[in-house]
1. Grab the Cα-Cα distance for ALA73 and GLU248, subtract it from 0.36 nm times how many residues apart they are, and report the gain in nm with one decimal.
2. Take the cross-link list LYS160/LYS273; LYS256/LYS317; LYS130/LYS160 and give me the ones stretching past 25 Å between alpha-carbons.
3. How far apart, in nanometres, would the label points at GLN87 and GLN208 be if each is projected 7 angstrom from Cα along the Cα-to-Cβ direction?
4. Pairing the Cα long axis of helix 229-250 with the longest principal axis of the chain, what angle in degrees results, from 0 to 90 and rounded to the nearest 10?
5. Apply 1/(1 + (r/R0)^6) to the Cβ-Cβ distance of THR59 and ASP328, taking R0 = 35 Å, and write down the FRET efficiency to the nearest 0.05.
6. Taking only Cα atoms, what is the 0 to 90° angle, nearest 10, from helix 275-285's long axis to the longest principal axis of the chain?
7. Over the Cα atoms of region 12-135, what is the Rg over Rh ratio if Rh follows Kirkwood?
8. Using +1 on the beta carbon of Lys and Arg, -1 on that of Asp and Glu, and nothing else charged, what's the dipole of the chain about the Cα centre, debye to 20?
Amino acid sequence: MTNLAAVPTVSAVEPALQVAVIIPIYNGAADLPDLLSCLEQQTVPQAQVEYWLVDNNSTDSTAEVLQAFTANAARTNFHWLRETNIQSAYAARNTGIKATQADILVFTDADCRPQPDWLCHLLQPFTDPKVGIVAGEVAALPGHTLLERYADRHATLSQKHTLAHPFYPYGQTANLAVRRHSLIQVGLFRPYLTTGGDADLCWRILQQSDWQIHFAEQAIVQHRHRSTLGDLRSQWRRYGRSNRYLHELHGVSLAKELTWMDWIYRWSRWLLKELPSAVTKVNTRGTGISGWIDAMLDTPLNLICQQARAQGQRQAKLPLAAQEIDQDFHPVDSVSMAPPQSVQ
């Protein structure tokens, strides 16, 4: 049972729903101007939405940017919070959850760029009272490097991958909305988890309740692909750590690691079959040099990603504290409203 709902498209957002958009921020000063501009351009009535911007111990000028932005008296629905106790995006999200009484809790990240009708499309499925989780799509910002083109060809960021997970579907917190009542039933995010918390939360909701999950494909946020090999490997190591944590928390299968025979076969196939085929396509179909380079590098990059994921999965160890589920919906002393005064 996947609990994946098929919800008909509706023409308007339910006006009775109060919505809170919660965004954890760590050293996000460079991303905040574009993000905040995207939030102000949302087509949903601003009176229906509040934005909770949670600074998680940033060491750059994040605090100054947020202070200056929220000091504007016209931005009464933008709020700045601090989570200073736990260094984790999930703890920061919990801080935002505790600060609001909104019916629908929406999550995205500081380096995402929501399109103007993002919230409108993301909220529409909640008109079905059976829907408790809605995942929107994560698309790529324009990129031109080899690695960005590689990730774009494989739709690395797309929620279609996570929604097709063989254990249960889930949505990434880059673009996710849940009913507040579902969290009252199963608890908040695990605050000490550093990756995999979005899957964990969705799976607890789907396993412990009758709520369904829906994919709002037109609710789009854009995100940058990794543009350096180091960042790409780091991304896939994090995927591996996430899989290890979810294996320990939920018993999901670990990703199969390639054997030496697998490596020899894949590299031999690439050298003897895929490279000559790519050359032939350039000569006979006029695919161009960039297309040839992309085809030539596809298998090596696949193998690099698989190796990084295997490394992350093999080396990860779930911290004992990460098993804790935050059940408290009330603000705690370590959670502070940021000072309202403007920057001088």
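Nothing in this text is a laboratory measurement; each read-out follows from the coordinates by a stated rule. These numbers come from a predicted model, not from an experiment. Backbone-built Cβ (ideal geometry, glycine too); neighbour counts: all protein chains shown.
1. Details: separation 175, 0.36 × 175 = 63.00 nm, distance 4.74 nm.
Contour length minus Cα-Cα distance gives 58.3 nm.
2. On the way: LYS160/LYS273 30 Å; LYS256/LYS317 18 Å; LYS130/LYS160 21 Å.
Pairs exceeding the cut-off: LYS160/LYS273.
3. 2.9
4. Value to nearest ten degrees: 70.
5. Details: r = 28 Å, r/R0 = 0.79.
For THR59 and ASP328, the calculated efficiency is 0.80.
6. Relative to the chain, helix 275-285 is tipped by roughly 90 degrees.
7. Numbers: Rg = 14.1 Å, Rh = 14.8 Å.
Reported Rg/Rh, Kirkwood definition of Rh: 0.95.
8. Values: 29 positive and 32 negative charges, 265 e Å.
It works out to roughly 1280 debye.
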